[in-house]
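The values are calculated or read from the model by the stated rules, or taken from the named source; none is laboratory data. Bear in mind the structure is a predicted one, so any value in this text is a computation, not a measurement. Cβ placement follows ideal geometry from the backbone for every residue including glycine, while neighbour counts extend to all protein chains displayed.
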Ligand SMILES: NC(=O)c1ccc[n+]([C@@H]2O[C@H](COP(=O)([O-])OP(=O)(O)OC[C@H]3O[C@@H](n4cnc5c(N)ncnc54)[C@H](O)[C@@H]3O)[C@@H](O)[C@H]2O)c1
């Protein structure tokens, strides 16, 4: 039996809540509903232990991770009937790239093999400062945000030289707008139809949505990357600005429209409405990214592990 993976989480938001609770629920009930890979390189869903956590909000700092995940503005519901204290006290995170602070966080990583970076998107310097701390601590780094970390060639080559895996950027939700939209566009092409125009609209009520409405700089391009919108469909696939509707809470509502032409230039129209709990879509992918990162680290496979590509919107080489 391989040893459990030691994980440090950066950002104690909705995605970490869904991940922590989902693992607890799996351990308590054995459920595999919504699990893409029950076992990945010998590691089960329950083989992940949290050893460190970082936050910036004063309410979360100093509390147990098992309590902090329920504090507002987190609004992902309770899915684990019982969650005993995890024995991990949330520590103060980085807010800039001050070298002394990076050193402190390096020391606080608690022997983590994998650092899961789940802070808000749109703060590339902070993302890279945490990646620096993980590098110094000898840990693999998973960037779930749309900020360029694995797409930064200098950082990626430093990870490769240090013998460490670096995964990112921007997780592709398990069954989110990007994968559904991409699959429909691919189907259209495979069946020989001609795309006329397409768009997606995303509405949500999480803190992530609220943040992205204000800091959409890296997210918009990342969403286009996930659709391959720089390829054949360039200019014809649009991603509308995100909408923040607090009453949706952790649910996301997406509308996808595709207009195309079929045989004889006759019109075809497709409209899809998707409703999901956004943090669940992230957790279902983060559980695999963590195990891929741990496995690559243990097998001394440095740099970017190619098997992570289907789980990401913007892997290395895609536009920033
Ligand atoms: N389906 C999805 O939910 C999805 C998909 C793709 C990418 N993402 C990305 O995943 C990330 C996490 O999403 P979320 O819904 O959990 O967001 P969230 O806003 O609920 O959680 C982020 C947490 O990080 C904290 N934080 C802010 N600055 C920090 C810092 N410097 N150090 C440590 N913590 C800090 C915030 O206070 C917050 O608690 C976001 O960047 C989001 O864009 C999410």
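Tallying residues that are farther than 19 Å from residue 287 by Cβ, near the ligand (Cβ under 10 Å from one of its atoms) and part of a loop (DSSP other than H, G, I, E, B) within region 111-137 yields 4. With respect to the conditions (1) surrounded by fewer than 23 Cβ atoms within 10 Å (Cβ to Cβ); (2) closer than 14 Å to residue 134 by Cα; (3) at pLDDT 95 or above; (4) touching a strand residue (DSSP E or B) at 6+ places or on another chain (Cβ under 7 Å), residue 110 falls short on a single one, namely (3). So, of the residues in region 39-86 that are surrounded by fewer than 14 Cβ atoms within 10 Å (Cβ to Cβ) and touching a strand residue (DSSP E or B) at 6+ places or on another chain (Cβ under 7 Å), which turns out to be modelled with the lowest pLDDT? It comes out as 85. From (1) surrounded by 17 or more Cβ atoms within 10 Å (Cβ to Cβ); (2) modelled with pLDDT of 95 or more; (3) not in a strand (DSSP E or B), pick out the condition that doesn't hold for residue 222. Against the list (1) surrounded by 17 or more Cβ atoms within 10 Å (Cβ to Cβ); (2) modelled with pLDDT of 95 or more; (3) not in a strand (DSSP E or B), residue 222 comes up short only on (2). Among the criteria (1) within 19 Å of residue 288 (Cβ to Cβ); (2) away from the ligand (no atom under 15 Å from the Cβ); (3) part of a strand (DSSP E or B), the one residue 198 does not fulfil is (1).
Taken as a whole, the structure leaves residue 282 outside the set of residues that are more than 14 Å from the ligand (Cβ to nearest atom), closer than 19 Å to residue 127 by Cβ and assigned to a helix (DSSP H, G or I). Tallying residues that are away from the ligand (no atom under 11 Å from the Cβ) and farther than 16 Å from residue 70 by Cβ within region 9-57 yields 26.
Go through region 87-100 and give me each residue that's within 15 Å of the ligand (Cβ to nearest atom), surrounded by fewer than 17 Cβ atoms within 10 Å (Cβ to Cβ) and assigned to a loop (DSSP other than H, G, I, E, B). 95, 96, 97, 98, listed by residue number. I'd like to check something: does region 182-191 contain any residue that is on the phi > 0 side of the Ramachandran plot, in a loop (DSSP other than H, G, I, E, B), touching a strand residue (DSSP E or B) at 6+ places or on another chain (Cβ under 9 Å) and away from the ligand (no atom under 13 Å from the Cβ)? For region 182-191, residues on the phi > 0 side of the Ramachandran plot, in a loop (DSSP other than H, G, I, E, B), touching a strand residue (DSSP E or B) at 6+ places or on another chain (Cβ under 9 Å) and away from the ligand (no atom under 13 Å from the Cβ): absent.
So, in region 310-320, of the ones that are away from the ligand (no atom under 15 Å from the Cβ) and closer than 22 Å to residue 177 by Cβ, which residue ends up surrounded by the most Cβ atoms within 10 Å (Cβ to Cβ)? Ranking the qualifying residues of region 310-320, first place goes to 320.
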